[in-house]
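The values are calculated or read from the model by the stated rules, or taken from the named source; none is laboratory data. Keep in mind that what you see is a predicted model, and the values were worked out from it rather than measured. Cβ: placed from backbone, ideal geometry, glycine included. Neighbour counts: every protein chain shown.
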There are 2 protein chains.
Amino acid sequence: MMISNSTMLLLEEATDYIGICYEELGKSDYQKEVRLLEIKKEIEHTGTYTHSFEELEHGARMAWRNNNRCIGRLFWNSLTVFDERHQTTAEGIFDALVQHIDFAGNNGKIRPAITVFRAAQENGESMRLWNHQLIRYAGYETARGIVGDSSSLEFTKRCQELGWEGAGTAFDILPLVIQLRGEEPFLKEIPRQSIMEVEIGHPEIPEFSQLGIKWYGIPIISDMMLEIGGIEYKMAPFNGWYMGTEIGARNLADEDRYNFLPAVAEIMELNMQSNRSLWKDKALVELNIAVLESFQEAGVTIVDHHTAAKQFKNFEKKEEVEGRDVTGNWAWLIPPMSPATTHIFHKPYKNDLVKPNYFHQKAPYQF
Amino acid sequence: MMISNSTMLLLEEATDYIGICYEELGKSDYQKEVRLLEIKKEIEHTGTYTHSFEELEHGARMAWRNNNRCIGRLFWNSLTVFDERHQTTAEGIFDALVQHIDFAGNNGKIRPAITVFRAAQENGESMRLWNHQLIRYAGYETARGIVGDSSSLEFTKRCQELGWEGAGTAFDILPLVIQLRGEEPFLKEIPRQSIMEVEIGHPEIPEFSQLGIKWYGIPIISDMMLEIGGIEYKMAPFNGWYMGTEIGARNLADEDRYNFLPAVAEIMELNMQSNRSLWKDKALVELNIAVLESFQEAGVTIVDHHTAAKQFKNFEKKEEVEGRDVTGNWAWLIPPMSPATTHIFHKPYKNDLVKPNYFHQKAPYQF
Ligand code: HEM
Ligand code: HEM
């Protein structure tokens, strides 16, 4: 086979990656050279190449370490990597996803993990998940406004087109939708016992429970692409645990999401007539306390933004010791609540792209 | 006189500015052409040119409108501009500064204003103010740590070198320091009766007053350079009124400024052993309520960050109607408290530089 431009590029990316990866893993120059020759041959014959498990594992970890938006990177080296590249059927994939959920959940002591499925083929086509996160609430447009999570409106509609029917509550768990090359999308509900949810109450405000707020325990991003050494894994769902503000200061608080601040302010009997009573800020703090305390009570791992910022500072120090520059996206790293109380607010970060990394990709149902 | 590169550049900047300024002021093309010829002649003869009052006034207002970091820009067209370009003595300048303070203060109903002094001469030298803000607290390094405002440490030392002695409290008002070309810096205290201060108490937490916190009423930035049509006004102090978070979420709260969150948390009897009690966030909200309420009580204009964000949204709308792009610096525009509750957090801004504008310049005592 001829070496085309794209395979040249792939070889370059592979060479870059194998160089850094093997050095970090303490392998010898000889091992590196042997492996690169092997990769070159495979690319020449097939147009692509296949990562060893070790390369896949370390690449997924490096990609986490390199993601500029993530404040949780201190723990990059503890990521558990599941290799499911052999899966070819929707049922097999479905089972692997449920296994991921169960492993990550671990009865509440959440474990960061990623499950990597077959990479995109030479023509760019790939198996894909339609879900934004494996566990996520549906959103419905109704006559009395949006019910549920507005960020799920479009995907919910697609599920309904595929025959799914939600109960219509504000917290319906969406089914998994798996798309294989050339096949109809495969839709199936996650077994109920695999789904961990936390009811949100407030330790000092009993009326809080009457709001009927809950949230799922594990954020498992399933629509991003993992790129390692030029290979694109378009189906590679990964999870950490939540930072409280993601739920309490965004998902539940944003006006165009669940918009719970007015309801919280009402049970707190705050003066909502005046901006300067800072009722939004007060309600926001109590909503976030409620989230943190409720997860804690339920025994589900969660981190507050102050602790997460301290952990990130540790990460920065460790990376400096290793001689690696920490890149970062300031606007994403600052927490959406009291940001100036964290060190992150007070320093600049270089938002340079380093690979391997996780990338956004077009939703498969928008093609 | 020959037209040098720098005067060519000046003529270009002047032409750009007069073009926009005269259009916005509804003047005719003929008026514009006449004025540009005049400016060209003046530049050819003197190497510089002199703004009419109208050009100065509109330029200072446009510079405000163009400043990407300012959330208060809705009111750009109401800026009062004082022309003090005739001042040549330190005493005359001092009196003009005190007049600015009194006009702006207006018994608490604060009026946005700028006082413009003589522009930099051809060699770049200029009269300068050493103060960062006209009214600002001193900061001292002492055996028991920093007393006062750490952001004033260096300037306070310079004042001491010039013979000034502060009382040594956490809230000593610094003197004005005026530097004329080739002269020793002139230092003089602002008359006590011109200084408006607000003691910070909390409407529902009486112990708050025991912390002995206060802040001055008017922020008057005095170290930035106003550039209009290529002319650099290095001494042009300007003021608006405060947005509460500037005081409550930064000056009084930052760990390396007044660091009052632990003291506030203590009187609130919060659990400071645990990050996840969100004691910092709780103390922050109450400190900011205290600031807003105390200013209100004292009859001194102040705006909360929610109202300021709404006003900024109005500004964006108005500019759109006028057919002008709004540029902005997201990181500065988001308030340092509950930022995601404002619309600013949820949209991108282009941080392009548009002139006229206000620029940072090197502190004169660092030459
Ligand atoms: C272990 C606990 C973790 C915490 C507390 C954490 C925290 C966060 C937070 C707060 C964000 C910003 C989210 C937002 O504002 O929408 C974020 C983004 C991100 N994190 Fe982490 N993270 C964790 C684990 C992980 C893991 C295991 C990975 C991948 C292996 C990862 C990859 C990412 C990526 C790619 C983003 C950017 C998402 C996007 O662009 O939309 N994180 N993380
Ligand atoms: C009328 C009320 C005003 C409000 C509420 C307001 C609010 C603000 C705020 C909150 C900031 C960010 C400050 C910081 O984070 O340190 C800012 C920055 C700024 N404002 Fe305004 N402002 C007002 C009036 C003015 C006026 C009258 C001018 C000039 C004529 C002005 C020019 C600027 C400039 C140049 C900055 C950037 C300062 C820097 O780079 O350090 N503002 N404003």
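The table below gives the values:
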quantity	calculated
Residue satisfying all of: in the stretch A:226-244; within 14 Å of chain B (Cβ to nearest Cβ) and either without any contact (Cβ under 8 Å) to a residue 24 or more places away in the chain or near ligand 1 (Cβ under 7 Å from one of its atoms) (or both); surrounded by the fewest Cβ atoms within 10 Å (Cβ to Cβ) among these	A:Trp241
Failed item in (1) at pLDDT 95 or above; (2) more than 19 Å from B:Pro219 (Cα to Cα), with B:Phe367 passing the rest	(1)
Options A:Ala263, A:Ala283, A:Ala253, A:Ala298: the member that is at the interface with chain B (Cβ under 10 Å from one of its Cβ atoms) and either more than 18 Å from B:Ile289 (Cα to Cα) or of a type in the set (S, T, N, Q) (or both)	A:Ala253
Any hit, the stretch B:272-279, residues being within 8 Å of another protein chain (Cβ to nearest Cβ) and not in a helix (DSSP H, G or I)	yes
Entirely in the stretch A:103-222, the strands (runs of 3 or more DSSP E) that have 1 or more residues that are of a type outside the set (A, V, I, L, M, F, W, C) and within 30 Å of A:Ala283 (Cβ to Cβ)	A:139-142, A:145-148, A:197-199, A:214-216
Total residues in the stretch A:335-367, condition in a helix (DSSP H, G or I) and in contact with a Lys or Arg (Cβ under 9 Å, 6 or more places away or on another chain)	6
Top-ranked residue of the stretch B:16-48 - restricted to ones that are within 29 Å of the chain's Cα centre (by Cα), in contact (Cβ under 8 Å) with a residue 40 or more places away in the chain and surrounded by 15 or more Cβ atoms within 10 Å (Cβ to Cβ), ranked as farthest from B:Arg85 (Cα to Cα)	B:Ile20
Scan of the stretch B:301-334 for residues that are assigned to a loop (DSSP other than H, G, I, E, B), free of Cβ contacts under 8 Å to residues at least 24 places away in the same chain and within 9 Å of another protein chain (Cβ to nearest Cβ), ordered by number	B:Ile334
Criterion violated by A:Ser78 - all others in (1) surrounded by 18 or more Cβ atoms within 10 Å (Cβ to Cβ); (2) of a type in the set (Gly, Ala, Ser); (3) under 18 Å from the mean Cα position of the chain (by Cα) satisfied	(1)
Among residues of the stretch A:68-98, those that are in a helix (DSSP H, G or I) and of a type outside the set (A, V, I, L, M, F, W, C), counted	6
Residue match in the stretch A:87-105 (condition: more than 16 Å from ligand 2 (Cβ to nearest atom), away from chain B (no Cβ under 14 Å), surrounded by fewer than 23 Cβ atoms within 10 Å (Cβ to Cβ) and within 23 Å of A:Glu13 (Cα to Cα))	no
Where a residue in the stretch A:63-74 is of a type in the set (Phe, Trp, Tyr) and its partner, wherever it lies, is assigned to a helix (DSSP H, G or I) and more than 16 Å from ligand 2 (Cβ to nearest atom), with Cβ under 7 Å and at least six apart	A:Trp64/A:Arg73; A:Trp64/A:Trp76
Checking A:Ala120 against (1) more than 21 Å from A:Leu56 (Cα to Cα); (2) at pLDDT below 95, the condition it does not meet	(1)
Filter result for A:Ala249 (surrounded by 24 or more Cβ atoms within 10 Å (Cβ to Cβ), small (Gly, Ala, Ser) and more than 16 Å from ligand 2 (Cβ to nearest atom))	yes
Residues of the stretch A:335-367 satisfying the condition of being of a type outside the set (Ser, Thr, Tyr), touching a residue at least 24 places away in the same chain (Cβ under 8 Å) and within 13 Å of chain B (Cβ to nearest Cβ)	A:Pro335, A:Pro336, A:Met337, A:His343, A:Ile344, A:Asn351
Every residue from the stretch A:49-67 that is surrounded by fewer than 20 Cβ atoms within 10 Å (Cβ to Cβ) and either assigned to a loop (DSSP other than H, G, I, E, B) or in contact with a strand residue (DSSP E or B) (Cβ under 7 Å, 6 or more places away or on another chain) (or both)	A:Thr50, A:Ser52, A:Phe53
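Per-residue answers, yes or no, for (1) more than 24 Å from the chain's Cα centre (by Cα); (2) of a type outside the set (A, V, I, L, M):
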| site | (1), (2) |
| --- | --- |
| B:Gly244 | no, yes |
| B:Ala283 | yes, no |
| B:Leu287 | no, no |
| B:Ala308 | no, no |
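Listed here are the residues, each with its yes/no results for (1) within 25 Å of B:Gly244 (Cβ to Cβ); (2) of a type in the set (A, V, I, L, M, F, W, C); (3) away from ligand 1 (no atom under 16 Å from the Cβ).
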{"site": "A:Met268", "(1), (2), (3)": "yes, yes, yes"}
{"site": "A:Ser277", "(1), (2), (3)": "yes, no, yes"}
{"site": "A:Asp281", "(1), (2), (3)": "yes, no, yes"}
{"site": "A:Leu292", "(1), (2), (3)": "no, yes, no"}
{"site": "A:Ile302", "(1), (2), (3)": "no, yes, no"}
{"site": "A:Gln311", "(1), (2), (3)": "no, no, no"}
{"site": "A:Glu316", "(1), (2), (3)": "no, no, no"}
{"site": "A:Glu322", "(1), (2), (3)": "no, no, yes"}
